[in-house]
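Note sheet for the following structure.
The values are calculated or read from the model by the stated rules, or taken from the named source; none is laboratory data. Everything numeric in this text was worked out from a predicted model, so none of it was measured. Glycine gets a Cβ as well: all are built from the backbone with ideal geometry, and neighbour counts include every protein chain shown.
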Amino acid sequence: MQSADQHAGNIVLIRGAALWMLMALLLAWCMIGLNFEVGLLKSIFAGKFTRLLQAHIDFLLMSALIFGYYATKVTLPWHVSLAMVVGAFTNSSLFLLMAIFPALDNPELPPPMLFQWYLFASLITTSYGFGKGAVIIFKSTLQPHTY
């Protein structure tokens, strides 16, 4: 087992990325189940199959991004790491919600206000986490390093 100092203070990132990777795998198995017309899955995912696929891809993408930030070994403030992990989940879950609740994906009807608040909170959280993380990592490249 590695000690916490080997994580450069970003243990939240590696845990979050691992969890969202597992979520992507779970959704992949759900898509396989839908392909084989498993009744329970068909009743859960009543929306468009493409929305479930988008959720799967987004969880993979977010996991890859978080793994990349973690790999820089630049220590990030706890609120930045937390915003990345929470934002990655909420952003990906928007597609998942549309796959479960088809009414959220109806272009003729505005989505419920709660969904809109969730969407905007997700966009703000995700942008803050990944944006602030990118700025911190970029600034770290401007400082002289000894190797």
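Couple of notes before you dig in:
- Looking only at region 26-41, and only at residues there that are over 22 Å from the mean Cα position of the chain (by Cα) and surrounded by fewer than 12 Cβ atoms within 10 Å (Cβ to Cβ), the one that is nearest to THR90 (Cα to Cα): LEU40
- Tally of residues being out of contact with any helix residue (DSSP H, G or I) (no Cβ under 7 Å at 6 or more places or on another chain) and in a helix (DSSP H, G or I) across region 17-38: 8
- Residues in region 67-80 that are closer than 14 Å to LYS132 by Cβ and assigned to a helix (DSSP H, G or I): TYR69, TRP78, HIS79, VAL80.
- The requirement of being closer than 27 Å to GLY133 by Cα, among the aromatic types (Phe, Trp, Tyr) and modelled with pLDDT of 95 or more is fulfilled somewhere in region 12-35, by at least one residue.
- Looking only at residues of region 39-54 that are touching a Pro at 6+ places or on another chain (Cβ under 9 Å) and in a loop (DSSP other than H, G, I, E, B), we find that the one that is modelled with the lowest pLDDT is GLY47.
- Residue in region 122-141 that is aliphatic (A, V, I, L, M), in a helix (DSSP H, G or I), touching a residue at least 60 places away in the same chain (Cβ under 8 Å) and closer than 18 Å to MET23 by Cβ present: no
- Meets criteria (over 17 Å from the mean Cα position of the chain (by Cα) and either closer than 22 Å to ALA24 by Cα or part of a helix (DSSP H, G or I) (or both)) for LEU104: yes
- On inspection, LEU61 qualifies as surrounded by 15 or more Cβ atoms within 10 Å (Cβ to Cβ), in contact with a helix residue (DSSP H, G or I) (Cβ under 9 Å, 6 or more places away or on another chain) and without any contact (Cβ under 8 Å) to a residue 40 or more places away in the chain.
- Filtered residues of region 104-147 (kept if at pLDDT 95 or above and among the small types (Gly, Ala, Ser)): ALA121, SER122, SER127, GLY129, GLY131, GLY133, ALA134
- Given (1) of a type in the set (Val, Ile, Thr); (2) out of contact with any Phe, Trp or Tyr (no Cβ under 6 Å at 6 or more places or on another chain); (3) surrounded by 15 or more Cβ atoms within 10 Å (Cβ to Cβ), number of the condition THR50 does not satisfy: (3)
- Just one of the listed residues (ALA71, ALA99) is among the small types (Gly, Ala, Ser), over 20 Å from THR125 (Cα atoms) and surrounded by fewer than 14 Cβ atoms within 10 Å (Cβ to Cβ), namely ALA71.
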